[in-house]
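Scroll down for the structure; my scribbles are underneath it.
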Amino acid sequence: MSFKDLQIIHEDNHLIAVNKPGGWLVQGDITGDKPLSEFVKDYIKIRYKKPGAVFLGVIHRLDRPVSGCVLFARTSKGLERMNKLFRENEVQKTYLAIVAQRPDPLNGTLTHFLLKDKEKNKAKVYDRLSNRTPNAKKSTLDYEFMGSLGNHHLLKITPHTGRPHQIRAQLGRIDCPIRGDIKYGYPSKNKDYTIHLHSYGMQFIHPVKKEPVSIKAALPNEQIWNQFRDLAEDIHL
């Protein structure tokens, strides 16, 4: 892999967005594998012939097995202002998930309280706060059933909070685990250790230009995703 493998889906003086393949790290961890952020730095360095170190701010992250839109900052001003937009929930995010069964009801809002188990790298899900879980964080998302093909069901997800593993954990809680996500209830893993959760789009007001920005990340070129491509393309971000 190299920076030439990157799919750049938005680029301006302050921001750059990439369609991350499932299985790529966003930022370095204990594995020592080269993360997406370093590939993006390579791309900027070569394209713009920048000498020395390249600045790149990591604004948010996607779990390693998740694919789709990842936004980085090319300037410190862009990083600071985008961080503020994320903190204040001024960034609308749209995800697509292929799940094991149709939800009941087909469309709805999920509200749970999540507590991260750092040792297991897993979110515990509670229906309500209690004296035993005072540090659990309220987590809310909307889901919409888009269609089925055999035993695969496509959901559109709009998270209203940004907790670690939120979509994975909440869908698992309602017995709709994401395909391949054995951590949250799917019975088998995918061969490449990815899961069928895709960050499909992101909308916000540009922190410097003050203009609307809408970014869409094409679905992975994979047989199961391809079956739902027409449905996904009908989604208006």
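The values are calculated or read from the model by the stated rules, or taken from the named source; none is laboratory data. This one's a predicted model, so the numbers in the text were calculated from it and none came from an experiment. Glycine also receives a Cβ, built like all others from the backbone with ideal geometry; neighbour counts cover every protein chain displayed.
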Tell me whether region 50-59 contains one or more residues that are closer than 19 Å to GLN166 by Cβ and in contact (Cβ under 8 Å) with a residue 24 or more places away in the chain. yes
Would you mind finding the one in ILE59, ILE8, ILE16, ILE46 that is β-branched (Val, Ile, Thr) and over 18 Å from LYS216 (Cα atoms)? ILE46
Residues being of a type in the set (A, V, I, L, M, F, W, C) and more than 16 Å from VAL125 (Cβ to Cβ) - total across region 140-181: 5
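Please pick out the residue among VAL54, VAL70 that is surrounded by 20 or more Cβ atoms within 10 Å (Cβ to Cβ) and either hydrophobic (A, V, I, L, M, F, W, C) or within 21 Å of the chain's Cα centre (by Cα) (or both).
Criteria check complete, one pass: VAL70.
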Out of all the residues in region 1-39, which are of a type in the set (A, V, I, L, M, F, W, C) and under 18 Å from LYS77 (Cβ atoms)? LEU15, ILE16, ALA17
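Please find, among ILE195, ILE178, ILE235, the residue that is modelled with pLDDT of 95 or more, among the β-branched types (Val, Ile, Thr), within 17 Å of LEU149 (Cβ to Cβ) and touching a Lys or Arg at 6+ places or on another chain (Cβ under 7 Å).
Values: ILE195 fails: within 17 Å of LEU149 (Cβ to Cβ); ILE235 fails: modelled with pLDDT of 95 or more.
Matching residue, one of ILE195, ILE178, ILE235: ILE178.
Taking the criterion of being part of a loop (DSSP other than H, G, I, E, B) and surrounded by 15 or more Cβ atoms within 10 Å (Cβ to Cβ), would at least one residue in region 90-98 satisfy it?
Scanning region 90-98, I find at least one residue that is part of a loop (DSSP other than H, G, I, E, B) and surrounded by 15 or more Cβ atoms within 10 Å (Cβ to Cβ), so the answer is yes.
Does HIS236 qualify as being surrounded by fewer than 14 Cβ atoms within 10 Å (Cβ to Cβ) and at negative phi?
For HIS236, the condition - surrounded by fewer than 14 Cβ atoms within 10 Å (Cβ to Cβ) and at negative phi - is met.
Conditions (1) of a type outside the set (Ser, Thr, Tyr); (2) farther than 22 Å from GLY22 by Cα, marked per residue:
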{"residue": "ASN107", "(1), (2)": "yes, yes"}
{"residue": "ASP127", "(1), (2)": "yes, yes"}
{"residue": "SER130", "(1), (2)": "no, yes"}
{"residue": "GLY147", "(1), (2)": "yes, yes"}
{"residue": "GLY150", "(1), (2)": "yes, yes"}
{"residue": "CYS176", "(1), (2)": "yes, no"}
{"residue": "ASP181", "(1), (2)": "yes, no"}
